[in-house]
Structures are given as C-alpha cells and as structure tokens.
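Take a look at the structure set out below.
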Amino acid sequence: MQRRTLLTGLALAPGLATPAIAPALAQAPDRAAIAEVERYFNGLTTLRARFLQISQQGGSAEGTAMIWRPGRMRFEYDPPEPTLLIAADGQFFHWDKELRQASVVPLSATPLGLLLRNPLRLSGDITVEAVERGAGVVRVTLHRTDRAAEGRIQLVLDEAPMVLRQWAVQDSQGRVTRVTLTDMRLGERFDPFQFAFNDPRFREELEQAR
C-alpha cells in the first residue's frame, strides 16, 4: 500500500467532492444528532481499537489505533507496512520505520485534528454538510468552513449507544479512504511516553526496535 494513501486516510486529506462522500441537498441540519455527536466526543477520554484502512483503489492495511482526547493519537501499522503516525503537541508526525525518516504537519491541517479539539463544536469554523440517520447508524459529513475546497471527512457512529465506528476522507484526486474500527476498548490508561515523539528517548526506542 502506498504511503501517501496511508497519510491521506489518517492525516492529510485535501480534495474535491466524490460520489462516495457527496454533499447533501440543502436542508435543515439535524441539531439533535449534531448535539449527540458533540457530547459523545467531548465525553470521550481514551479509545484503543484495531483498524482496517481501505483505499478506493483497493489497497488495505491494518494496525492498532489509540486516541487520547484532547490532542493525542497514535496509529501503528502492522508489518510489513513500516508506518507510525502520532498526533501530539499540535503536530502530526509520520515516522517511516524502514527509511528512518520523519515528516511533520500541523495537526490543525489534518481532518482528524478536528476530533481532538477540546471542546469539539460542530459549528463556527466547522460546517456540517449532512447528517444521515438509519439502521442504528449516524453519518455526519464535515468540512472546514473557510476551506471547503480542501475536502471533507465523514464520521460513522453507532447510534445507541453512540460509538465511533468509521471515518472516510478524500485525497486531492477525489479518491476516498475509509478506516473502520473494531475490538474497541474505552477508558484505558495510556502511557504518555507512547505519544512523546519529540522526546529523544522515543526516537532511541524506535531505532532499537529496528
């Protein structure tokens, strides 16, 4: 699987509309559903899950996801994919274990950065394009209000109880990458060191793991 696709699915998602995440016809937003989604994320502390990432071209990868609100994430891909993604300190780090190279982008420039806000408010600089309910699932499609051309992210949550199950983002070619979460554990205590990419000890640990 191409590493650019990995980054697109989790970190970088500029793009235009695609049929897979098409904007809805103009209608009154479902305020109750929006409020429920806000309450869910604002009440979420930690989440650990397995993830399956599938690109529109058919590539796939699996791994372990850790979300620690506010502000922190860790996505570690299973071998042979040599990728580690960490969000912390307002930055999103991509570590290539094979090349031993790191790249960094501002967390504010990533679609998943929206989910790490404290508090999360789906208004103002975030526009809710569509809210869909059906079969016990809520789908919410979002974009940055002043950056609509950069793309959108769609969240898929179980409705009762509300649990994040999937998201989809777009790349600059209009292609969609979906990430599905399974085997979820909530409220687990995480070691802050797992998110400390700027700590020299963290880099040493990565090198020793090679």
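The values are calculated or read from the model by the stated rules, or taken from the named source; none is laboratory data. Note that this is a predicted model, so its numbers are computed, not measured. Neighbour counts are summed over all protein chains in view; Cβ atoms, including those assigned to glycine, are modelled from backbone coordinates with ideal geometry.
Here are the numbers:
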| quantity | calculated |
| --- | --- |
| Residue within the stretch 92-104 that is under 26 Å from MET184 (Cβ atoms) and free of Cβ contacts under 8 Å to residues at least 40 places away in the same chain present | no |
| Subset of the stretch 50-72 [assigned to a strand (DSSP E or B) and under 18 Å from THR177 (Cα atoms)] | ARG50, PHE51, LEU52, GLN53, ILE54, SER55, SER60, ALA61, GLU62, GLY63, THR64, ALA65 |
| Close pairs (6 angstrom Cβ cut-off, 6 or more residues apart or separate chains): at pLDDT below 90 in the stretch 108-130, of a type in the set (A, V, I, L, M, F, W, C) and part of a helix (DSSP H, G or I) anywhere | GLY113/LEU107 |
| PRO106, sole failed condition from (1) surrounded by fewer than 21 Cβ atoms within 10 Å (Cβ to Cβ); (2) in contact with a Leu (Cβ under 7 Å, 6 or more places away or on another chain) | (2) |
| LEU25 vs. criteria at pLDDT below 95 and of a type in the set (A, V, I, L, M) | yes |
| Members of the stretch 133-150 that are touching a Ser or Thr at 6+ places or on another chain (Cβ under 8 Å) and among the small types (Gly, Ala, Ser) | ALA148 |
| Some residue of the stretch 73-84 being out of contact with any strand residue (DSSP E or B) (no Cβ under 9 Å at 6 or more places or on another chain), part of a loop (DSSP other than H, G, I, E, B) and not basic (Lys, Arg) | yes |
| Qualifying residues in the stretch 27-48 (those that are farther than 11 Å from VAL138 by Cβ and β-branched (Val, Ile, Thr)) - the one surrounded by the fewest Cβ atoms within 10 Å (Cβ to Cβ) | THR45 |
| The stretch 56-70, residues that are touching a residue at least 24 places away in the same chain (Cβ under 8 Å) and either surrounded by fewer than 17 Cβ atoms within 10 Å (Cβ to Cβ) or more than 14 Å from the chain's Cα centre (by Cα) (or both) | GLN56, GLN57, GLY59, SER60, ALA61, PRO70 |
| Counted residues, the stretch 90-124 - those being over 27 Å from ALA33 (Cβ atoms), outside any strand (DSSP E or B), over 16 Å from the mean Cα position of the chain (by Cα) and not hydrophobic (A, V, I, L, M, F, W, C) | 3 |
